[in-house]
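Below is one structure, written out as structure tokens; comments come after it.
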Amino acid sequence: MSRTRTALLAAMALVAGATGTAYAVAPDGVGAAAVPCTVSYQVQNQWDTGFTAAVTVTNLGAAKSSWAVKWSYAGNQRVTSGWNAKVTQSGSNVTAANESYNGTLATGGSASFGFQGTYSGSNAIPATFTLDGVTCNVDGGGGPTDPTDPTGPGDRVNNPYSGAKVYVNPEWSAKAAAEPGGNRIANQPTGVWLDRIAAINGVNGGMGLRDHLDAALAQKGSGELVIQLVIYNLPGRDCSALASNGELGPTEIGRYKTEYIDPIAAILSDAKYAPLRIVTTVEIDSLPNLVTNTGSRATATPACDVMKANGNYVKGVGYALNKLGDVGNVYNYVDAGHHGWIGWDDNFGPSADVFHDAATAEGATPADVHGFITNTANYSTLKENNFTINDSVAGKSVRESKWVDWNRYVDELGFAQAFRNELVSTGFDTNIGMLIDTSRNGWGGTARPAGPGATTSVDTYIEGGRYDRRIHIGNWCNQSGAGLGERPKAAPESGIDAYVWMKPPGESDGASKAIPNDEGKGFDRMCDPTYTGTPRNGNNLTGALPDAPVSGHWFSAQFQQLMRNAYPPLS
């Protein structure tokens with residue numbers, strides 16, 4: 001079963017010249033008129049008796065205040081539900097009319113909607129579409145016309161990591177291999193971070209996006225290969241932390257679209273790179289901030305209130321999902337924080353709602369989301385084996401301990417699986433998969449507890465048994481005592497597409513002190529080992545390593561610590 005297989009339609013009507021462009025037939029049957037509209041119809045997911053589809057209509061005629069797209073099925077397909085349009089069916093004829101909030105369709109403007117349906121036998125693609133009675137060109141000719149055909153370009157598999165190698169970034173690999181003992185992990189795949197506009201073409205003589213894609217093709221050989229890209233440059237980026245602030249101001253959504261996302265999408269859509277499975281992890285630490293760090297909460301920051309008010313996180317993520325999701329071999333995974341951030345009751349459901357808002361903004365649909373990633377660049381333990389959320393000690397639940405602090409989850413695996421179900425309940429595909437970043441959550445070494453703590457109190461029980469040795473779960477910068485976690489692996493648990501090392505081990509989270517730089521990255525006191533904290537970490541010490549460089553720069557001391565404390569241990 002394919003979660004987001006794209007069915008590309010062959011061009012219909014009259015073909016002009018050698019360009020392959022299809023034009024609608026003029027109403028009087030004489031000659032060819034200018035194209036009045038285009039329609040893209042994509043089967044996103046198909047199983048034995050049902051399917052989901054995404055449709056985008058682009059109006060190339062006069063502006064409209066309302067619209068209706070119509071088509072007919074040759075088979076026995078039946079629409080059962082829809083979103084972002086009123087989708088109805090009479091016999092074989094389907095009508096999708098605008099909702100009250102998306103009736104305006106400017107010249108050159110697009111509207112996207114989706115639906116779920118049933119079928120038996122074949123699920124043939126409709127041959128003709130109309131917009132307000134005028135026949136449209138079918139956008140995107142070429143590729144298979146049968147969504148059950150797995151051989152055409154642009155088909156997506158259910159789990160891109162299954163049966164595939166994953167790209168080893170040669171720049172990170174060289175740094176790792178240069179460290180004493182680093183050759184033990186230098187061949188591990190890590191994410192390629194596109195953290196500013198200049199990174200697209202390469203910074204300071206380093207590899208740009210095309211360079212990495214070309215290198216990935218060379219590594220691919222005759223098998224399948226995944227390359228992991230981190231899309232990370234929202235306007236007003238990381239509103240709750242200064243260490244990873246970005247180059248774009250809070251209102252520069254236009255630059256984000258035209259100077260950052262559009263060039264990335266153009267490169268990824270190059271047919272040369274169609275043989276690759278391109279995993280994009282979209283905007284780390286962005287959307288959760290709109291839930292946890294805004295309003296009247298003690299953890300709120302003015303910068304996050306600004307981003308919630310102007311909507312540019314939601315718009316930016318939606319735009320990225322829409323544009324990147326149009327590339328048939330791209331798999332979008334949205335960042336979903338971690339259990340120590342949104343595992344509490346008042347964060348859990350609202351976060352899923354915000355993610356759905358983003359997935360329906362700027363032309364995106366939930367079908368543009370292949371899955372979600374948790375724990376990116378963080379330290380939360382994959383699995384706590386010495387206690388569970390259901391344990392009680394001395395008459396108190398572990399939820400009452402200082403460490404758990406009423407959270408409903410104690411580790412990333414349990415959280416990721418549960419949050420996946422929550423996301424599905426908000427309207428995401430039932431087959432979305434989760435990624436968990438295990439690059440720095442091993443917590444091995446001599447400090448790793450061998451069993452539960454003393455049952456004197458719920459706090460001694462948790463403190464003595466927890467693998468995660470951070471001072472507070474809100475600490476996030478260059479954590480002392482951390483170790484490499486599980487090695488990257490496909491389909492390790494139910495609902496989990498892969499364990500990944502999206503954050504390259506050895507790259508700093510932020511500078512321990514103010515360091516001038518031209519990357520827009522500030523000094524965050526949470527990276528200062530002497531700082532006594534904020535409400536977000538319970539006003540505790542930060543647990544950060546000293547002498548750290550600017551975020552993203554190589555931090556040898558951290559790399560050595562991660563290898564020393566790896567769990568499973570390095571051989």
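The values are calculated or read from the model by the stated rules, or taken from the named source; none is laboratory data. Only a predicted model underlies this, so the values are computations on that prediction, with no experimental measurement involved. So basically every Cβ, Gly included, is an ideal-geometry build from the backbone, and we count neighbours across all protein chains shown. Calculation scope for accessible area: heavy atoms of the full protein, side chains included, ligands and nucleic acids excluded. Shrake-Rupley method; radii C 1.70, N 1.55, O 1.52, S 1.80 Å.
In the P(r) worked out for the chain, what percent of Cα pairs fall beyond 42 Å?
Details: 37874 of 162735 pairs.
Looking at the chain, the distances longer than 42 Å represent 23 percent of pairs.
What size of dipole, in debye to the nearest 20, comes out for the chain about its Cα centre when the only charges are +1 on Lys and Arg C-beta atoms and -1 on Asp and Glu C-beta atoms?
On the way: 41 positive and 53 negative charges, 103 e Å.
Here the size comes out at about 500 debye.
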Here the percent of antiparallel bridges among DSSP beta bridges lying wholly in the chain, to the nearest 5, is 65
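Taking R0 as 41 Å, what's the FRET efficiency between Leu541 and Ala198 from their Cβ-Cβ distance, rounded to 0.05? Could you put the intermediate results ahead of the total?
Details: r = 35 Å, r/R0 = 0.86.
Efficiency at R0 = 41 Å is approximately 0.70.
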Interchain or sequence-distant (5+) residues whose placed amide H lies within less than 5 Å of the amide H of Asp335 are Val282, Ile373
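At a 1.4 Å probe radius, carbon and sulfur cover how many percent of the accessible area of the chain? Display every interim value, and only then the final one.
Values: 11120 of 21480 Å².
Exposed carbon and sulfur together represent 52 percent of the surface.
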The range 72-112, Kirkwood Rh and Cα Rg, ratio Rg/Rh at 1.05
What helix-only [θ] at 222 nm does the chain give? Using -39500 (n - 2.57) per DSSP H run of at least 4, over all residues, to the nearest 500, the answer is -5500 deg cm²/dmol
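Please give the length that would be gained between Ser110 and His553 if that part of the chain were fully extended, namely 0.36 nm times their separation in residues minus their C-alpha to C-alpha distance (nm, one decimal).
On the way: separation 443, 0.36 × 443 = 159.48 nm, distance 4.10 nm.
Difference between extended and current length: 155.4 nm.
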The lysines whose Cα lies under 19 Å from the Cα of Lys257, excluding any fewer than 8 residues away in the same chain, are Lys308, Lys315, Lys323
HN-Hα couplings for the range 78-93 via Karplus (6.51, -1.76, 1.60; θ = phi - 60°), in whole Hz with x for Gly/Pro, come out as 10, 6, 10, 6, x, 9, 6, 6, 8, 9, 10, 9, 10, x, 8, 8
With 0.36 nm assigned to each residue of separation and the Cα-Cα distance removed, Thr95 to Asp405 gains 106.5 nm
For Thr80 the rounded accessible area (nearest 10 Å², probe 1.4 Å, non-protein molecules ignored) is 80
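Is the shape of the range 226-269 best called rounded, prolate or oblate, per the rule: a/c under 1.5 gives rounded, else a/b larger than b/c gives prolate, else oblate, with a ≥ b ≥ c the square roots of the Cα gyration tensor eigenvalues? Could you put the intermediate results ahead of the total?
Numbers: a/c = 4.00, a/b = 1.45, b/c = 2.76.
Verdict is oblate for the range 226-269.
Report the FRET efficiency, 1/(1 + (r/R0)^6), for Leu60 and Thr80, where r is their Cβ-Cβ distance and R0 is 30 Å, rounded to 0.05. It would help to have the intermediate numbers written out before the result.
Details: r = 31 Å, r/R0 = 1.03.
Given R0 = 30 Å and the Cβ-Cβ separation, E is 0.45.
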